[in-house]
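The numbers here are math on the coordinates, done by the rules we state, and not lab data. Remember, predicted model here, so these are calculated numbers, not experimental data. Neighbour counts run over all protein chains shown; Cβ positions are idealised from the backbone, glycine included.
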Amino acid sequence: MLAVGVTTFAVGHATSPAQTIRVEPDGAPPRLLDRSVIEGTMLAPAGLGSAPNRLVRWDDDELIPLDETPAPPASAAPQVPTPSVAPHGASTGGFGLPGCDAFGWSDLGLGGCESFLSGYGNGCGTGCRYWTDNIVLFSGIDAWKNRADDDGQNNFGLRNGINVGLPVGVAPNIGFQVGGAWGVYDLQGREFGNTVPAEHHLFGTAGFYKRSDVCCGDRISWGVVWDYLNANNFGQNGNQTLDLHQLRAQLGYAVTHRDEVGLRAMWGMNTDTISAGGPVFLVDVVDQYDAYWKHVWQTGATTEFYAGGPGGQTNLGEIVLGFNGQVPLNDYVSMYGAAHLIPGHESGNPPGVEKRFAEDLWNVSAGFEFSLGGKARAANVSGNRWMPLMPVAGFGTMSFQTPANTDL
């Protein structure tokens, strides 16, 4: 219940099922229009005679009258609440919005993760009834290229995987995520060397994270994960094997309910070697240092743009550019797309501007995600609680490169 003075507005959390919303016996349940808009009845304050009830809409942080009934006289009726005032002394969340207790979200009977966490759930955001609610499956097309392909074909194929988020009982709001992906590329083989078998990539990701919770004024999100890659039939000749590790971290700050800015970094933890008819070459993860901006649209779609700089022993570029997008089709299925580019500089094999495309490093992917817990939509930039924060490693988030003038 949202209470200001003696005026009461029957309201429920927009991401909760309708049957869990609790209202007073004389109040009509609100209608859920989407994840950020609620309609309901603001009950007339007691003691004001014939003052009418009002049909209103709560749209994110604004209370909007929907009927033609004039408001009670200013001397008798309280003012429409503004987002900067927390009712009954409740804590005020970030962006001038009342804290969770002011909305009664802790009393909605959402289940949360209390049974799993032994009381760590606070009622804010979207909890979990079962750990399977936070499983994401994904499947799509994936294409990538780096220096190991020289100026020849790129690597096009299919990529499938799983990502799981779990609450950690030792600390509130801290989650653990683990996931993996399997990619198969060059399905028709290649021109040189080991021409028949396809190229296989196995990625693994595991680590800890914390989502922001803008409904409670918590603007900070962070994640730290370890990534692993095993690649078989790698290179232009399809005869190499790789094992690489990296550390990936990000720190985000929610500047509004729908916008987050932050920093992201990747560091290689080891190197591997490959041979090309005698010479042995070093292969290393390309370190990346990026700044990003993420926006959640009113439909629940999410877009993210990032830019930064590459580094490391085998880096052949000067800038990192990229995009990630996700569009929910319903509560369970989303479409995703991503693009990642580290353009090569003005050397090549042979050196020259006309061959620098041979040093380009890029990745393009698109496909579908399946949320087993029906959490495909995002109500705000915090996303759904306990869903994994960091994506499973892929060529965009774990780029690797061979030195200049390598021809495998």
Q. How large is ³J(HN,Hα), in whole Hz, for each residue of the stretch 199-214 in order, when computed from phi with the Karplus curve 6.51 cos²θ - 1.76 cosθ + 1.60 and θ = phi - 60°, using x for Gly and Pro?
A. 8, 10, 10, 10, 10, x, 9, 8, x, 10, 7, 9, 7, 5, 9, 5
Q.
Assuming 0.36 nm per residue, please report the length gained on full extension of the stretch ALA307 to ALA206 beyond their Cα-Cα distance.
A. 33.9 nm
Q. Which FRET efficiency value, to the nearest 0.05, is calculated for THR273 and GLN298 with the Förster distance at 56 angstrom and r the Cβ-Cβ distance?
A. 0.65
(Q) With θ taken as phi - 60° and the coefficients 6.51, -1.76 and 1.60, list the Karplus ³J(HN,Hα) couplings across the stretch 294-301 in order, rounded to whole Hz; mark glycine and proline as x. (A) 10, 10, 9, 7, 5, 6, x, 5
**Q.** Sequence of TYR289, TYR306, TYR336 once ranked by neighbouring C-beta atoms within 10 Å, starting from the fewest
**A.** TYR289, TYR336, TYR306
Q: Decide, for the stretch 131-401, between rounded, prolate and oblate: order the square roots of the alpha carbon gyration tensor eigenvalues as a ≥ b ≥ c, take rounded if a/c falls under 1.5, and otherwise choose prolate if a/b is larger than b/c, else oblate.
A: prolate
Q: Collect residues whose amide H, placed 1.01 Å from N in the peptide plane, falls under 5 Å from the amide H of GLN240; neighbours closer than 5 in sequence don't count.
A: ASN233, PHE234
